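Report on the structure given below.
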Ligand SMILES: C[S@@+](CC[C@H](N)C(=O)[O-])C[C@H]1O[C@@H](n2cnc3c(N)ncnc32)[C@H](O)[C@@H]1O
């Protein structure tokens, strides 16, 4: 952060405190406001009286503002640069460390609001994007969220009550999906991208996905599954159709066998124009993400290695899957990195000649999710593994965002 930025932060903080929702830091509001002033867009809490003129007035008093262009020029450039020419705006919910944000910025999007409630992820997000995210989304008044073209959310998968599907949005109360639906209803963005584990398709025998899609089509959104199948199809039919929304990271040049569901929703007829990105068909190799001289601390101990091997034998006997997974630089891909990777690294071990295998380094975990080299990961290895395991594969998001941008541009 440069000195100018610190001075603006200090000038706006006393006002921001009045607008901070429970669970969000006032500096999240300050950062959003700075962005809104620079881009001459609506600030957070505009409905409650926060307005750009008033905020500029505060800055002028402190001689921190003369005109929009010089204000923008003096702001620091963040490690992950926002686009110069913006074609659309988006909000980044359940933001983690902002993998989705990087992909959407690449396609020309400007992020106007972000929310993530875990402190370590917030810090990594702020360091890389120059923007401290708002906190708990369940505590943020929907009307305060700025207008946007695209809502982006990689939300946790939770079951819905089986009390019956009658009231639409109200049936989803008590889940984080309900908060997303409320924002969509109030803000009416053209597009939403909801990312989730592939297991969402079979979660609660298909009921969870059915409730999500029924709620969304009830609100006027469409996706690449026929409305009739969503409204009246069997859970089996819906599950078969939902496979069209699954993308694999390895198909986008990244050597990881990660499969995720990406639900792309469009207001009205635009859904017909949207096409999911096609697989790039480039061959992948684990060697492409490995570092040259990893620290010896990533080599697993004899005790851990013996434990992994023992569990593999026992799991085989009990028919419980395969246990650890080991690859070398010539393997085409690794298995999926998860938030629990920090525990024992069992899902991805790297073979080493004449030594026990090793874990990925945090930098390699970042590479495996396609994060740019400039991305500054958390100093704690545990946090870095958790954050990249929880995150998205950036090139997959960038490819999706590019396809979304093409439709938005045509519609403008
Ligand atoms: C699967 S991760 C999403 C990662 C993100 N899309 C990325 O690119 O890094 C889900 C995130 O949602 C956050 N989260 C869960 N409940 C939340 C809430 N009520 N408010 C804000 N964030 C929440 C978690 O801390 C977690 O980081």
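State yes or no: is residue 206 on the phi > 0 side of the Ramachandran plot, away from the ligand (no atom under 13 Å from the Cβ) and surrounded by fewer than 17 Cβ atoms within 10 Å (Cβ to Cβ)? Here the answer is no, as residue 206 does not meet what is asked.
Suppose we keep only residues that are surrounded by fewer than 24 Cβ atoms within 10 Å (Cβ to Cβ) and part of a helix (DSSP H, G or I) within the stretch 126-152. Which one would you say is farthest from the ligand (Cβ to nearest atom)? Restricting to residues being surrounded by fewer than 24 Cβ atoms within 10 Å (Cβ to Cβ) and part of a helix (DSSP H, G or I), the top hit is 143.
When 226, 204 are checked against the criterion of being over 24 Å from residue 400 (Cα atoms) and out of contact with any helix residue (DSSP H, G or I) (no Cβ under 7 Å at 6 or more places or on another chain), 204 stands alone in meeting it. So is residue 176 within 13 Å of the ligand (Cβ to nearest atom), surrounded by 21 or more Cβ atoms within 10 Å (Cβ to Cβ) and either under 15 Å from residue 95 (Cβ atoms) or at pLDDT 95 or above (or both) or not? Considered against the rule, which asks whether it is within 13 Å of the ligand (Cβ to nearest atom), surrounded by 21 or more Cβ atoms within 10 Å (Cβ to Cβ) and either under 15 Å from residue 95 (Cβ atoms) or at pLDDT 95 or above (or both), residue 176 comes out as no.
Residues in the stretch 110-120 that are under 18 Å from residue 33 (Cα atoms) and within 16 Å of the ligand (Cβ to nearest atom): 111, 113, 114, 115, 116.
To keep it simple, each residue is scored yes or no on (1) surrounded by 18 or more Cβ atoms within 10 Å (Cβ to Cβ); (2) within 30 Å of residue 411 (Cβ to Cβ); (3) modelled with pLDDT under 95.
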site: 124; (1), (2), (3): yes, no, no
site: 156; (1), (2), (3): no, no, yes
site: 172; (1), (2), (3): yes, yes, yes
site: 183; (1), (2), (3): yes, yes, no
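Looking across the stretch 153-168, the residues that are near the ligand (Cβ under 8 Å from one of its atoms) and touching a strand residue (DSSP E or B) at 6+ places or on another chain (Cβ under 7 Å) come down to 153, 154, 155. Right, residue 339: outside any loop (DSSP other than H, G, I, E, B) and within 13 Å of the ligand (Cβ to nearest atom) or not? For residue 339, the condition - outside any loop (DSSP other than H, G, I, E, B) and within 13 Å of the ligand (Cβ to nearest atom) - is not met. Restricted to the stretch 39-82, and to residues that are buried (at least 17 other Cβ atoms within 10 Å of the Cβ) and within 14 Å of residue 129 (Cβ to Cβ), which residue is modelled with the highest pLDDT? Among those residues, the one meeting the criterion is 75. Please work out if residue 168 is farther than 22 Å from residue 389 by Cβ and assigned by TED's automatic domain parsing to the domain that holds residue 239. In short, yes. If you check 363, 409 for being closer than 24 Å to residue 285 by Cα, assigned to a helix (DSSP H, G or I), away from the ligand (no atom under 16 Å from the Cβ) and in contact (Cβ under 8 Å) with a residue 12 or more places away in the chain, only one passes: 363. Scanning the stretch 391-406 for residues that are in a helix (DSSP H, G or I) and crowded, with 19+ Cβ neighbours inside 10 Å yields 394, 395, 396, 397, 398, 399, 400, 401, 404, 405.
Among the criteria (1) modelled with pLDDT of 95 or more; (2) over 23 Å from residue 391 (Cβ atoms); (3) within 13 Å of the ligand (Cβ to nearest atom), the one residue 188 does not fulfil is (3). Scanning the stretch 284-304 for residues being part of a loop (DSSP other than H, G, I, E, B) and within 26 Å of the chain's Cα centre (by Cα) gives a total of 4.
The values are calculated or read from the model by the stated rules, or taken from the named source; none is laboratory data. Worth saying up front: this structure is predicted, and the values here are computed from it rather than measured. Glycine also receives a Cβ, built like all others from the backbone with ideal geometry; neighbour counts cover every protein chain displayed.
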